[in-house]
Amino acid sequence: CAKGAAAPLPCEKGSYSRATNLAAASKCTAADPGHFATTGSTQQTPCAPGSIAPSANMPACVLCPKGKFAASRTACEECEAGTYAASEGLSQCTLCPYPLGSGSGDVTCSICKEGFYLKDSSADPDDVFENPTEHCKPCPT
């Protein structure tokens with residue numbers, strides 16, 4: 001038995017079994033990519049939105065980092081230009097507020113989109129994000 005367990009728990013983290021009378025951990029099934037299993041699991045659990053398990057035998061899912069989103073339960077992808085991911089564990093990227101833009105994989109929108117210019121290049125990026133129409137002005141035609 002595992003330390004503190006009330007009953008035998010033969011399946012180690014990253015694997016599971018629906019059987020409760022296994023004689024050995026080798027009879028356990030590895031958790032599939034996109035799923036995880038904690039020690040003693042009787043089933044695998046799918047990763048929550050914003051998190052991934054890129055390979056089999058994962059004991060837990062991991063959050064996608066800032067600038068990326070969980071495109072599936074097995075891979076994080078960079079946010080496309082014009083979108084951003086300011087925090088970890090997102091399942092989709094957020095569109096930049098008008099008239100701001102961003103580069104691929106950005107964590108904020110701090111550039112003016114095409115057709116606009118930044119009125120003051122020394123402006124604080126946070127202020128540009130919070131008040132985009134005050135900082136990004138249409139290019140002269």
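Here are some notes:
- Looking at the chain, the accessible area is 61 square angstrom per residue; that uses a 1.4 Å probe and ignores ligands, DNA and RNA.
- Simple spin-label estimate for Thr94 and Ala81 gives 2.2 nm between the two label positions (7 Å along the Cα-to-Cβ direction from each Cα).
- Debye log10 I(q)/I(0) at q = 0.23, 0.25, 0.26 Å⁻¹ for the range 9-63, Cα point scatterers: -0.71, -0.81, -0.86
- Solvent-accessible area of the chain (1.4 angstrom probe, protein heavy atoms only): carbon and sulfur portion equals 51 percent.
The values are calculated or read from the model by the stated rules, or taken from the named source; none is laboratory data. Not measured: the values here are computed from a predicted model. Cβ atoms come from the backbone with ideal geometry, glycine included; neighbour counts cover every protein chain shown. Areas reflect the complete protein model, heavy atoms only, side chains present, ligands, DNA and RNA absent. Shrake-Rupley method; radii C 1.70, N 1.55, O 1.52, S 1.80 Å.
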